[in-house]
Amino acid sequence: MCLGRSSSCAVGTTAISFEAVLLFAHAGIALGAAAVMNGLIGSRLDTRRHNQAESVKPHARHRAVEEWMVSLGQRADLSLLLLGAILSDLTDKPMGRIFYGTFGCRLFCHSLLFLLLVVVAGLLLYYRRHRNWLLVIAFGVLMHLVLDGMWADTKTLFWPALGLSFTTVRYDYWYEEVLHKLTTSPDVYLPELAGLLIIVWLAWLLVRHGKVWDFVKHGRILD
């Protein structure tokens, strides 16, 4: 691993490798993807509810998606899902600032190795203690890597197979660059808007069902 501000880390040349999406996109889209996967693959909706989802009533499909979110909130700690979705940035960006002098870094927590370690630990915890919280975090980390388009940065994604250094991006005016992309780049502001809408919808759902306290205490939407 290369350390120090005068490191030999490779410098990325494209804007997308700097910051594809920001806070709301990571958290909101990971939450939405988990709800859809829960509804399509792992949902406990019975046949009656499934038939309602297929109904011709205008509100039927909306109700089905709402059921998916509620079902997900009964199975998993959604606060840990949101944490997992931003965990890679919460760790790598401060470390990038310390060692490379820039927040525009993607380091170990943006690698498949980090994801694999979390998944393996999560599986062990689940099979031994029947606790799924690490697997929930692992899904959030997976979604983060997907949304960051880490396949375009194979040196970091497959670290340390392709070398011990990390690809990083240097910007003298990092905050200004973030604000500029947030207001001018569709690759940034569209995912951010989508993620924000999902989070606002979850908040509205919690208020409407009187589940705010359940979420605050447990990260869940409980019966």
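Here, each number is a calculation from the coordinates, and none is a lab measurement. Because the structure is a prediction, the values reported are computed rather than measured. Here Cβ is always computed from backbone atoms with ideal geometry, including for glycine, and neighbour counts include all displayed protein chains.
General remarks:
- Cα shape, the stretch 22-218, gyration tensor, a/c 1.5 rule: prolate
- Given their separation in residues at 0.36 nm each and the Cα-Cα distance between them, L123 and T91 gain 9.3 nm when the chain is fully extended.
- Between V146 and V212, the simple spin-label model (points 7 angstrom out along Cα→Cβ) gives 3.2 nm.
- In terms of the mean number of neighbouring beta-carbon atoms within 10 Å, the peptides 29-39, 90-100 order highest first as 29-39, 90-100.
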